[in-house]
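To start, the structure under review is shown below, and the notes come after it.
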Amino acid sequence: MLRTHRQQAFFAAVAGLVGLAGGFALAGWTPTYFVIAIDAMVVRATPGFVVNWAIETLGQESHYLHIALSVVLGYLLLSGIAFASIVGSQRVPLPTPVGAVVAAIAIGLVTAALAGTTRSTLAIALSVGAVVAIAELALGPDGRGADDTETDRRRAVGTLAGGIAFAGIALTLGRRTTDDALSVGARPAPERETVLEMVADANDADLDVDGLGPPVSPIESFFSVDINSTPPIVDEDEWTLSITGAVDADQEIEYEELRDRPVEHRHLALRCIGEDLNESLLDTAIWTGTPLTPLLDAAQPHGEYVELRAADGYRTTFSRSFLDDALLTYGMNGQLLPREHGFPVRVLMPGSWGKLNAKWVEEIRILEEPAEGYWEEQGWASEAPITAVAKLWAVNDLGDGHFELGGHAYAGTRGVERVEVSTDGGETWDEAELAEPLPGEDVTRQWRYEYEATETHEVVVRSVDGEGQLQEREESGSFPDGATGWVRQTVEVE
Ligand SMILES: Nc1nc2c(c(=O)[nH]1)N[C@H]1C(S)=C(S)[C@@H](COP(=O)(O)O)O[C@H]1N2
Ligand SMILES: [Mo]
């Protein structure tokens, strides 16, 4: 009996693996994969304080926690159903592959309920069903398996090897499926050549510090932060943006209409309010879109507050004045907005922390009373001014006692006027070299500093913003209104 259960569990375990893999091959890591649906449920069920704690202590890595949990839950679901079917088919004794058919139907129904009926649903059902059928054959109607352990062992090893090989192939296919699903196609962003030239011009100002990114970040290295483990896939032909709530004339705009409106390209930085002082959730890009104001005016709003709603269920809230200079954005560095940055359309608002700049935006709701969005509900400030920071992202030993420091500095729309460097722990200060300022108000600025040192020392960097204000010295964590303090680092000299 014990041996039988062990064998049943073994086949169920392989069935779970094969099912996960088969589904991944066809759905990829996208919302049609049932594990992503489980993940969304896990995230929704996690209390706010746990989310905050995870972000504060683990940052973006905290996503791996719920992803891992969701993969385990998805696996347990599939292997659990497989196990029940194998055991059941032998208890009842039914002719072989009835258990497999039952397993396939049950799994098809459950995964379809979670993530919709797709080819991936079918693939999962068939994959698990196949392993259950193999189990039924191997264990026989009485569930005892072959009469000699050697045959049992060979079958088990064969099944496991087949399962692993299948999973390997499925993993490769699934990666490709993911890439295909996430790519937004070859349609160029408007005035692409112009924007590419603007990017090249901007990066002429690069101070060429080893290990430091250029003034305008390439899309591949532009940070990405959101509540999802994979971006929502929004079809631009079905997408609309509505302006509703406390307005006299509701508006609804389609993608093509938006693209026909006047085009603007803007240098704009984004920075995540949750980042640590010297973290790198801060980048500047050149964004293409159309100003929101004429559309908003047409709606005749009569409330002073706003809630943006997005396709991933994200909501963010703030005062309407933030929208004054907002750009409905559909291009980034000359390409269509990549999915992870909000395809088809996101909002960008100079002078606001990243979290207000909703990606995949679908609705601008004007409110008469202030409200709280996803992060505001967890206590994060909505309208806090962007804290100034000089990042220290490169420390290079140039040899012969020469050192080079470099980073990007940022102070929201106040701009960066100066970066100061101390190489003696803050006793004395010297001015760093600054890159030519990028056009636009809300941009980062590269800095560089070269000096000589003969012994281990502490470097401290700080900025002065465009209003002459020295970067806040007092250290504070990012919650609830952005990190403050001066970045310091010990540089070892042998
Ligand atoms: N729809 C949606 N928009 C969102 C988010 C989100 O989770 N969902 N995250 C916000 C946060 S916290 C930040 S810092 C910025 C990051 O933008 P990026 O990923 O393009 O760098 O997007 C904002 N917009
Ligand atoms: Mo953020």
* Kindly establish whether Gly351 is at pLDDT 95 or above and surrounded by fewer than 21 Cβ atoms within 10 Å (Cβ to Cβ). => yes
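Can you say whether Val209 is in a loop (DSSP other than H, G, I, E, B), in contact with a Ser or Thr (Cβ under 9 Å, 6 or more places away or on another chain) and modelled with pLDDT of 95 or more, as far as the supplied structure shows? Can you show your working first?
Values: in a loop (DSSP other than H, G, I, E, B): yes; in contact with a Ser or Thr (Cβ under 9 Å, 6 or more places away or on another chain): no; modelled with pLDDT of 95 or more: yes.
It is false that Val209 is in a loop (DSSP other than H, G, I, E, B), in contact with a Ser or Thr (Cβ under 9 Å, 6 or more places away or on another chain) and modelled with pLDDT of 95 or more.
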* To do: Give me a count of the residues in the stretch 454-475 that are closer than 19 Å to Ser280 by Cβ and surrounded by fewer than 20 Cβ atoms within 10 Å (Cβ to Cβ).
  => 1
* Do we find that Pro344 is more than 24 Å from Gly415 (Cα to Cα), in contact with a helix residue (DSSP H, G or I) (Cβ under 6 Å, 6 or more places away or on another chain), touching a residue at least 12 places away in the same chain (Cβ under 8 Å) and assigned to a loop (DSSP other than H, G, I, E, B) in this structure? -> yes
* Hits in the stretch 342-391 - residues which are farther than 26 Å from Val464 by Cβ and among the hydroxyl-bearing types (Ser, Thr, Tyr) -> Tyr374, Ser382
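Anything in the stretch 318-349 that is under 23 Å from Met198 (Cα atoms) and either hydroxyl-bearing (Ser, Thr, Tyr) or within 16 Å of ligand 2 (Cβ to nearest atom) (or both)? List them, or say none.
Correct list: Thr329, Tyr330, Glu340, His341, Gly342, Arg346, Val347, Leu348, Met349.
Residue-wise test of (1) more than 10 Å from ligand 1 (Cβ to nearest atom); (2) within 22 Å of His66 (Cβ to Cβ); (3) of a type in the set (Phe, Trp, Tyr).
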{"position": "Ser221", "(1), (2), (3)": "yes, no, no"}
{"position": "Ile227", "(1), (2), (3)": "no, yes, no"}
{"position": "Ile233", "(1), (2), (3)": "yes, yes, no"}
{"position": "Thr244", "(1), (2), (3)": "yes, no, no"}
{"position": "Asp250", "(1), (2), (3)": "yes, no, no"}
{"position": "Glu257", "(1), (2), (3)": "yes, no, no"}
{"position": "Asp260", "(1), (2), (3)": "yes, no, no"}
{"position": "His267", "(1), (2), (3)": "yes, no, no"}
{"position": "Leu282", "(1), (2), (3)": "no, no, no"}
* Report yes if some residue within the stretch 419-432 is of a type outside the set (Phe, Trp, Tyr), closer than 30 Å to Arg266 by Cα and free of Cβ contacts under 8 Å to residues at least 24 places away in the same chain; otherwise report no. => yes
* To do: Go through (1) farther than 20 Å from Pro218 by Cα; (2) away from ligand 2 (no atom under 16 Å from the Cβ) one by one and return the number of the condition Gly289 breaks.
  => (1)
* To do: Might you check whether a residue that is of a type outside the set (A, V, I, L, M, F, W, C), within 16 Å of ligand 2 (Cβ to nearest atom) and within 30 Å of Ser62 (Cα to Cα) occurs anywhere in the stretch 233-246?
  => no
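If the requirement is being without any contact (Cβ under 8 Å) to a residue 60 or more places away in the chain, surrounded by fewer than 21 Cβ atoms within 10 Å (Cβ to Cβ) and over 23 Å from the mean Cα position of the chain (by Cα), which of these qualifies: Glu257, Glu264? Walk me through it before giving the result.
Numbers: Glu264 fails: without any contact (Cβ under 8 Å) to a residue 60 or more places away in the chain.
Result: Glu257 is the single residue among Glu257, Glu264 that is without any contact (Cβ under 8 Å) to a residue 60 or more places away in the chain, surrounded by fewer than 21 Cβ atoms within 10 Å (Cβ to Cβ) and over 23 Å from the mean Cα position of the chain (by Cα).
One line per residue, one yes/no per condition, for (1) under 21 Å from the mean Cα position of the chain (by Cα); (2) closer than 18 Å to Val443 by Cα; (3) aliphatic (A, V, I, L, M):
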residue: Gly289; (1), (2), (3): no, yes, no
residue: Pro294; (1), (2), (3): no, no, no
residue: Asp297; (1), (2), (3): no, no, no
residue: Gly303; (1), (2), (3): no, no, no
residue: Leu308; (1), (2), (3): yes, no, yes
residue: Tyr314; (1), (2), (3): yes, no, no
residue: Thr317; (1), (2), (3): yes, no, no
residue: Thr329; (1), (2), (3): yes, yes, no
residue: Gln335; (1), (2), (3): yes, no, no
* Asked: If you take the residues of the stretch 156-192 that are under 23 Å from Trp29 (Cβ atoms) and in a loop (DSSP other than H, G, I, E, B), which of them is modelled with the highest pLDDT?
  -> Ser183
* Structure fact -> Among residues of the stretch 393-418 being over 16 Å from Arg271 (Cβ atoms) and either within 25 Å of the chain's Cα centre (by Cα) or among the small types (Gly, Ala, Ser) (or both), the residue surrounded by the fewest Cβ atoms within 10 Å (Cβ to Cβ) is Gly399
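The values are calculated or read from the model by the stated rules, or taken from the named source; none is laboratory data. All values reported here derive from a predicted model rather than from experimental measurement. Please note: Cβ atoms are built from the backbone with ideal geometry, for glycine as well, and neighbour counts cover all protein chains shown.
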